[in-house]
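K.L.:
Encoded as structure tokens, here's the structure I'll be asking about.
The values are calculated or read from the model by the stated rules, or taken from the named source; none is laboratory data. Since the model is a prediction, treat every value here as computed from it, not as a measurement. As a convention, Cβ positions derive from the backbone with ideal geometry for all residues, glycine included, and neighbour counts pool all protein chains shown. These area figures cover heavy atoms from the full protein model, side chains too; ligands, DNA and RNA do not enter into them. Shrake-Rupley method; radii C 1.70, N 1.55, O 1.52, S 1.80 Å.
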Amino acid sequence: MNRRSLIVLLAGVNLLLLVVIVFSVTGPQQAFGQAAARAADYVIVTGETETDNDVIYLVDSRARRMYAFRTTYPRMPGTPARFGLLAQRDLAGDFGRPR
């Protein structure tokens, strides 16, 4: 094996290693959930639907229901937020997985 072939081989191996490193670093991020047992079987997720309008999703895993609460809209700046029930869903019925 001459010197030129060895340099091309080493350059190819380095390129392969660079591709492996790039794909391992930029892969999909892992999502971590709550590992410890909760005191109650509720999960709350908040979000903003529009400017000055928020929504709270409450998931009751024991009853397999999800509730969505939304602030009154429009709301004057400086007034306290008041939440009302927007909708509710039966998750067992929606996903068809009875326990």
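K.L.:
May I ask you to rank 1, 66 by accessible area, largest first, using a 1.4 Å probe over the protein chains only?
P.N.:
Accessible-area ranking of 1, 66, largest first: 1, 66.
K.L.:
What's the extension gain from residue 91 to residue 18 if we count 0.36 nm per residue and subtract their Cα-Cα distance?
P.N.:
Here the segment from residue 91 to residue 18 would lengthen by 21.8 nm.
K.L.:
How large is the accessible surface of residue 41 in square angstrom, using a 1.4 angstrom probe and rounding to the nearest 10?
P.N.:
Residue 41 exposes around 40 Å² with every protein chain in place.
K.L.:
Using θ = phi - 60° and the Karplus relation 6.51 cos²θ - 1.76 cosθ + 1.60, list the HN-Hα couplings for region 84-90 in order, rounded to whole Hz, with x at every Gly or Pro.
P.N.:
x, 5, 8, 7, 9, 10, 9
K.L.:
Under the rule of at least 5 residues apart or a separate chain, name every residue whose amide H is placed under 5 Å from the amide H of residue 49.
P.N.:
54, 55
K.L.:
Counting other Cβ atoms within 10 Å, keep those with at most 11, restrict to DSSP loop, and tell me which trypsin sites (Lys or Arg not before Pro) in region 58-96 are left.
P.N.:
62, 82
K.L.:
Now for a different question. Give me the accessible area of residue 95, 1.4 Å probe, in Å² rounded to the nearest 10.
P.N.:
Rounded to the nearest 10, that gives 150 Å².
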